[in-house]
């Protein structure tokens with residue numbers, strides 16, 4: 001990538017460092033979208049041996065780029081996001097991706113298409129990690145930062161996104177146990 005194009009692209013992506021999410025860190029600060037993507041990428045790195053037949057480098061690339069649209073719209077929690085919000089984000093992101101050099105544009109378009117369809121194992125794993133990371137972050141944060149709907153959300157969210165994998169299903173169960181423990185409840 002040409003040096004100027006790289007700097008231009010990074011200046012847009014850098015916005016994700018300041019785009020806050022609804023989740024909090026362990027120290028009580030709102031998590032940024034960039035931190036969420038970084039943690040997802042780290043999770044993908046740590047679990048790569050659980051999926052020896054999967055292109056985990058592709059999963060990592062998906063984790064890195066998945067929320068780039070939020071550089072334009074900011075984060076809208078999944079339980080508040082509407083179809084109109086999704087369309088706006090997709091339109092703004094597509095316009096930006098079109099401005100990239102052909103090689104990067106083609107790769108991003110292909111990855112975003114694969115992620116949206118969620119038919120490949122790579123796309124299913126990326127989406128499961130995306131969902132599970134939010135739950136993990138909630139469990140790490142102080143309970144006082146949780147909204148009322150997040151208490152139920154953390155017990156049930158992402159169950160439908162892990163069923164294709166014994167490993168991810170087991171991970172989801174461990175996250176649920178942490179949630180129930182945090183809430184003072186039992187299975």
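Across the range 54-86, what is the number of residues that are outside any helix (DSSP H, G or I) and either in contact with a helix residue (DSSP H, G or I) (Cβ under 7 Å, 6 or more places away or on another chain) or free of Cβ contacts under 8 Å to residues at least 12 places away in the same chain (or both)?
Going through the range 54-86, the residues outside any helix (DSSP H, G or I) turn out to be 54-55, 66-69, 74-82.
If we keep only those that are either in contact with a helix residue (DSSP H, G or I) (Cβ under 7 Å, 6 or more places away or on another chain) or free of Cβ contacts under 8 Å to residues at least 12 places away in the same chain (or both) too, we end up with 54-55, 66-69, 75-76, 79-82.
Counting residues in the range 54-86 that are outside any helix (DSSP H, G or I) and either in contact with a helix residue (DSSP H, G or I) (Cβ under 7 Å, 6 or more places away or on another chain) or free of Cβ contacts under 8 Å to residues at least 12 places away in the same chain (or both) gives 12.
For residues that are assigned to a loop (DSSP other than H, G, I, E, B) and touching a strand residue (DSSP E or B) at 6+ places or on another chain (Cβ under 8 Å), scanning just the range 122-146, find the one that is surrounded by the fewest Cβ atoms within 10 Å (Cβ to Cβ). Give the derivation first.
Going through the range 122-146, the residues assigned to a loop (DSSP other than H, G, I, E, B) turn out to be 141-142, 146.
Cutting the leftovers down to touching a strand residue (DSSP E or B) at 6+ places or on another chain (Cβ under 8 Å) gives us 141-142.
On the way: 141: 21, 142: 12.
Restricting to residues being assigned to a loop (DSSP other than H, G, I, E, B) and touching a strand residue (DSSP E or B) at 6+ places or on another chain (Cβ under 8 Å), the top hit is 142.
Regarding residue 119, is this residue exposed (fewer than 12 other Cβ atoms within 10 Å of the Cβ), over 13 Å from the mean Cα position of the chain (by Cα), over 24 Å from residue 1 (Cα atoms) and at pLDDT 95 or above?
yes
Could you list, in sequence order, the residues of the range 122-152 that are within 14 Å of residue 78 (Cβ to Cβ) and over 16 Å from the mean Cα position of the chain (by Cα)?
147, 149, 150, 152
Let's see how each residue does on (1) within 12 Å of the chain's Cα centre (by Cα); (2) under 18 Å from residue 97 (Cα atoms); (3) surrounded by 19 or more Cβ atoms within 10 Å (Cβ to Cβ):
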{"site": "15", "(1), (2), (3)": "no, yes, no"}
{"site": "21", "(1), (2), (3)": "yes, no, yes"}
{"site": "54", "(1), (2), (3)": "no, no, no"}
{"site": "60", "(1), (2), (3)": "yes, no, yes"}
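The values are calculated or read from the model by the stated rules, or taken from the named source; none is laboratory data. Since this is a predicted model, take the numbers as computed values, not measurements. Note: ideal-geometry Cβ built from the backbone for every residue, glycine included; neighbour counts use all protein chains shown.
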